[in-house]
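Coordinate-derived values only; no laboratory data. Every value quoted in this text rests on a predicted model; they were computed, and no experiment measured them. A quick note on method: Cβ atoms are made from the backbone with ideal geometry, for glycine too, and the neighbour counts reach across all protein chains shown.
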Amino acid sequence: MKIQLEQIGKKFNTEWIFRNVSFEFEEHTASVILGRNGSGKSTLLQVIAGNLHPTAGKVSYTLDKKNISGDEIFQHLTMVAPYLELIEDFTLKEMLEFHFSFKRYLPGHDMASLTDLLGFPAMKNKQIRKFSSGMKQRVKLILAILSDVPLLLLDEPTMNLDKTGIDWYLELLGKFGTNRTVIICSNLHQTESAFAIKSLQIEDFK
């Protein structure tokens, strides 16, 4: 999927979060949105996801040379973000079943392969609320990356992960993130998105 930002701006009340952002996220390419905490990275990602409407400018989506409307973009993406929570009353099995009632598994994968990739298959019948913060982050990542969608949006994907968890995330994305458009929001560029081909510095658009 290709995403074109044309003079995008977003403000809340009278304060502009960013202005005049023009950038192309190329298909089959990983890109990173860089900036300090509170600089507007997550807001821009939510605009790209169609969760927020831009105050100014235009976002265009193209998939297989066909235009996708902003109202339909949610069908073609998955997203990981600190402000998107798992359903903690669900067991891991129920969480997987619920998510994949809306999205398809990547070809060749199913619930068993995902629980194996997570590294804690014995926890399948445990409630999410009993998982550590690092385990919950792994679940968020596996749901997003192993869904058969052309667009992955990852906001601070290594949050709550230790060194082993970060290595697991990098290996997972390396195996299953290719041939898709990946956009990462990060203030830890070398840790979680060093593989990105293109970068956008949000603080250049204040």
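What to note about this one:
- To the nearest ten degrees, helix 133-145 and the longest principal axis of the Cα atoms of the chain are 70 degrees apart.
- With 31 Å as the limit on Cα-Cα distance, the pairs of Lys103/Lys126; Lys136/Lys206; Lys103/Lys136 that go past it are Lys136/Lys206.
- Whichever aspartates and glutamates have a C-alpha closer than 15 Å to that of Lys198, once near sequence neighbours (fewer than 8 apart) are set aside: Glu24, Glu26, Glu27
- Relative contact order [Cα under 8 Å, 6+ residues apart], segment 1-102, whole percent: 27 percent
- The chain - charge dipole about Cα centre, Lys and Arg +1 at Cβ, Asp and Glu -1, debye rounded to 20: 140 debye
- Exceedance of the 26 Å cut-off in Cα-Cα distance is limited, within the set Lys11/Lys163; Lys124/Lys163; Lys2/Lys163; Lys65/Lys140; Lys140/Lys175; Lys93/Lys175, to Lys11/Lys163; Lys2/Lys163; Lys65/Lys140.
- Contour excess over end-to-end distance, with Cα ends at Asp148 and Thr164 and 0.36 nm allotted per residue: 3.2 nm
- As a calculated quantity, the FRET efficiency between Arg129 and Ile197 at R0 = 41 Å, using C-beta atoms, amounts to about 0.60.
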